[in-house]
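This report refers to the structure that appears directly beneath it.
The values are calculated or read from the model by the stated rules, or taken from the named source; none is laboratory data. Quick caveat, the model's predicted, so the values are computed rather than measured. Reconstructed Cβ throughout: ideal geometry from the backbone, glycine too, with neighbour counts over all protein chains shown.
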Amino acid sequence: MCKSIFHQFILCITIIFLIPTVSYAQKHKNEIDHFIVLENLLKNNKLAIVATDSLENPLEHVNGTFEFSLNGFTYPLKFNDGVAITPNKIEKSTLLVIKDLSEKGSKGQLYYIVKNDSGLNPIKISWLFLLLAPLVFILIVMMFRKSLLIGAIVLVLFLYFTNKQGLGLGAFFETLMHGIKNLF
């Protein structure tokens, strides 16, 4: 009987010491679930991708090489302390569709990168805006039928601008799907 109590005591102590170790390993896994895009600190017209948690707090423990797609081109980005630098310089303001191509499935975001004299300013564009902006515009044009021709011209210009800035129709729908997928 005494042996049984001793074994139970050892088992309890072991469990007490293993639970924090397991939770630490899960908390500090070397994966990227969320990321943000910032200007590189060197101000060399390159972007920095920062691995974050769901509240956009940087994850400094992420290290290694991860596959990312930048406007359809796949690059292996090397993360050091949660930060990776994109290989290409940004020459002018542009739209950037960026996706993490992990084994768990890709996670994508859309940014408008504004380039000015002071550097780069990445602005995250919500997938909801991509969905609502054209729908609201179409509803307004339908309400005022006399402006149908003007509305059609503006819609064509909008599509031309987004396509010229790097957001093709396929990337447009893919960004919408990533946003909807992140809801669930």
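Scanning segment 69-95 for residues that are part of a strand (DSSP E or B), closer than 18 Å to residue 113 by Cβ and either among the aromatic types (Phe, Trp, Tyr) or over 13 Å from the mean Cα position of the chain (by Cα) (or both) turns up 73, 75, 77, 83, 84, 85, 94, 95. Annotation note: of 172, 66, the sole residue that is of a type in the set (Phe, Trp, Tyr) and either at pLDDT 85 or above or in a strand (DSSP E or B) (or both) is 66.
Candidates in segment 131-158 are the residues that are of a type outside the set (Val, Ile, Thr), part of a helix (DSSP H, G or I) and over 33 Å from the mean Cα position of the chain (by Cα); of these, the one that is surrounded by the most Cβ atoms within 10 Å (Cβ to Cβ) is 147. Just a yes or no: is a residue in segment 104-117 at pLDDT below 75, closer than 30 Å to residue 61 by Cα and either exposed (fewer than 13 other Cβ atoms within 10 Å of the Cβ) or touching a Ser or Thr at 6+ places or on another chain (Cβ under 7 Å) (or both)? Scanning segment 104-117 turns up at least one residue that is at pLDDT below 75, closer than 30 Å to residue 61 by Cα and either exposed (fewer than 13 other Cβ atoms within 10 Å of the Cβ) or touching a Ser or Thr at 6+ places or on another chain (Cβ under 7 Å) (or both). Within the set 74, 86, the sole residue that is hydroxyl-bearing (Ser, Thr, Tyr), surrounded by fewer than 17 Cβ atoms within 10 Å (Cβ to Cβ) and closer than 23 Å to residue 174 by Cα turns out to be 74.
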